[in-house]
Amino acid sequence: MERTFISDLSKHVGESVIVMGFVSVRRDQGKMVFFDIRDFSGTVQAVVLTKSPALPAAKEVTVESAVKFGGMVNKRPDKNVVAGKQNGNIELSVDSLEIIGKSQTLPFELSAELNLDTHLDNLPLTLRSERSRDIFTLQASILDAYRTSLKQQNFTEFIAPSLVGGDAEGGAAAFKVEYFYDQSAFLATSPQFYKQIMVGPFERAFTIAKIFRAEKSATTRHLSEATCMDFEMGFIDSELEPMRVLEQAIRDTVSAVADKHADMFERFKTTIPLIPDSIPVLTLAEAHATLGVESEPDMAPEHERMICEWAKKEKSSDLVFITRFPTKKRAFYTYEDPSETPFSRGFDLLFRGLEINSGAQRMHDYDALVARMIERGLDPAKFSFYLQAFKYGMPPHGGSSTGLERMTARMLELPNVKEATSFPRDMTRIDSRLSEDPSFES
Ligand code: ATP
Ligand code: MG
């Protein structure tokens, strides 16, 4: 007999079926045994009655074991119906039972609240919890919606390399790779150069890329390996066009996850993010003035939090753009219009207290870009590959980069970005905790 997926069981009332899945719960009640079985499509209650030939085997089933249950799909008696719950009006009456992969006794209940290190130390198990499955189901929907939105906005997806010859940002700490004859390579800190190059062939290009940052700090918002959703577009007048594309992508993403996952926002005791008709935009100076704090060349994390509280209260928005950062605080390729000196055309997007995106109009003139490199103490000869894009004609262009893990974390108001990363890497962890290795020094 073929396997029936759990979400299809209600179409098979009165029929015999085979269900395969994991045991979420086992409850022994008198001589009967109840199970909650889950597969990718949902959960169903299974009952092994006193007279079932499967009863002896049922007593051997441990939580999280992979099982194959055969039985009849029955309507539940009215008094046992759980309204509003998937399969709340049916149950599987089990007459055959096979343990396909037996689970050892769990070190803790999957529904238990764990400290983050215990959760991360046990990911092959803890990723099975409802909380983790929610987080990464939502993340998959974010990826899907972002892609769909950019495609609808006429962008072409490309794959950016992770091994690069130099450090794109010229600032962010890069991991060195010793392999290539005659020169060191690095793990990419950003797909920046490659998406700009792709403006040549496609005009509008996007990529979902791994970035690697060897920052020697441990925070709740930094990973050593992160995922960014980047785009770049040509023929723009200013940074306002990439801001609009980003705003549309964020709006589409929020609306897709709100449609699909309203129940998750409830489970995480948060709400669907608020986005008004247009996301508020403040210059850096306006942001500081609004907060009544002294003007600074950048946003301190505490001020990011405060300005988001202001945007929520005053503008009913969970998102706020900050623009007009001093050019010297931004990456070397950031465009500065002569009429706006010393401010750049860069922007940040803050979401519920945290920067989730940075973007800008970029420099497009070959000579000006070379001059800027020299001004910043960079050797243009080392950038000759990238510079070809500008040598052969580049329009004014710009784009932005959204951190997937930060966006996921803020969406569900998770306090640490690591919980929104399926297999996080940081200074102290590559799956296992490195502090357990006595040779590690931080
Ligand atoms: P921050 O100032 O918060 O350290 P950043 O300005 O260095 O971030 P960008 O270079 O602007 O980061 O990268 C674009 C986006 O990629 C960020 O807004 C963030 O969402 C994400 N991102 C960057 N670095 C990391 C990291 N180490 N861990 C997680 N996400 C990151
Ligand atoms: Mg940034």
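A cut-off of 5 Å between modelled amide H atoms, ignoring neighbours fewer than 5 places along the same chain, links L354 with no other residue.
Placing a label point 7 Å from the Cα of F235 along the Cα-to-Cβ line, the residues of the stretch 187-205 whose backbone N sits under 19 Å from it are 196-205. Which angle from 0 to 90°, rounded to the nearest 10, does the C-alpha axis of helix 240-267 make with the longest principal axis of the chain? Between the helix axis and the principal axis of the chain, the angle is about 20 degrees. Accessible surface for the chain, divided over its residues, is 49 Å² per residue with a 1.4 Å probe.
A simple packing score, the average count of other Cβ atoms within 10 Å per residue, orders the peptides 357-364, 2-9 as 357-364, 2-9, with the highest score first.
The C-alpha atoms of the chain define a longest principal axis, and helix 366-375 lies at about 90 degrees to it. Dipole magnitude for the chain: about 1220 debye, using +1 per Lys or Arg Cβ and -1 per Asp or Glu Cβ, origin at the Cα centre. When the helices of the chain are scored as -39500 (n - 2.57) per DSSP H run of n ≥ 4 and the total is divided over every residue, the value at 222 nm lands at -8500 deg cm²/dmol.
Relative to the present Cα-Cα distance, how much length would full extension add between Q152 and F108 at 0.36 nm per residue of separation?
Additional length available on full extension: 11.3 nm.
Which FRET efficiency, nearest 0.05, do N122 and E286 yield, Cβ-Cβ r, R0 45 Å? Once the sixth-power term is evaluated, E becomes 0.45. Given +1 at the Cβ of Lys and Arg, -1 at the Cβ of Asp and Glu and no other charges, the dipole of the stretch 140-215 around its Cα centre is 260 debye to the nearest 20. At full extension, S316 and V177 could sit 45.4 nm farther apart than now, given 0.36 nm per residue minus the alpha carbon distance. Across every direction, the projection of the convex hull enclosing the Cα atoms of the chain has a mean area of 27.2 nm².
Model label sites at D263 and Q248, defined 7 Å from Cα along the beta-carbon direction, differ in position by 3.3 nm. What FRET efficiency would be calculated for the residue pair M32, D144, taking the C-beta separation as r and a Förster radius of 51 Å, to the nearest 0.05? Efficiency computed from Cβ-Cβ geometry: 0.75. Taking a ≥ b ≥ c as the square roots of the eigenvalues of the alpha-carbon gyration tensor, the stretch 117-187 is classed oblate because a/c is 1.5 or more while a/b is no larger than b/c.
Simple rule: put +1 on each Lys or Arg Cβ and -1 on each Asp or Glu Cβ in the chain, find the dipole, and look at I6, L49, S255; the Cα lying farthest toward the positive end is L49.
Extension gain for S162 to F423 (0.36 nm times residue separation, less C-alpha to C-alpha distance): 92.2 nm.
Note on the stretch 1-90: Cα-only Rg and Dmax are 12.3, 33 Å. A crude spin-label estimate for the pair E413 and L49, with each label 7 Å from Cα along the Cβ direction, gives 4.6 nm. For the stretch 72-125, the set of GluC sites (Glu not before Pro) satisfying both a DSSP loop assignment and a count of at most 15 other C-beta atoms within 10 Å is given as E109, E113. Charging the Cβ of each Asp and Glu at -1 and of each Lys and Arg at +1, and nothing else, the dipole of the stretch 6-101 about its Cα centre rounds to 300 debye. Distance between the pseudo-spin-label points of S184 and K75 (7 Å out from Cα toward the beta carbon): 7.3 nm. Apolar share of the accessible surface for the chain: 52 percent from carbon plus sulfur atoms, 1.4 Å probe. Beta bridges per DSSP, both residues in the chain: antiparallel share near 90 percent. Measure nothing but the geometry: give the 0 to 90° angle between the long axis through the Cα atoms of 301-315 and the longest principal axis through the Cα atoms of the chain, rounded to 10°. Tilt of helix 301-315: around 80 degrees.
In terms of Cα atoms, the Rg and Dmax of the stretch 305-412 work out to 16.6, 50 Å.
The values are calculated or read from the model by the stated rules, or taken from the named source; none is laboratory data. Predicted model, so just to flag it, every value in this text is computed and none were measured. Neighbour counts run over all protein chains shown; Cβ positions are idealised from the backbone, glycine included. Calculation scope for accessible area: heavy atoms of the full protein, side chains included, ligands and nucleic acids excluded. Shrake-Rupley method; radii C 1.70, N 1.55, O 1.52, S 1.80 Å.
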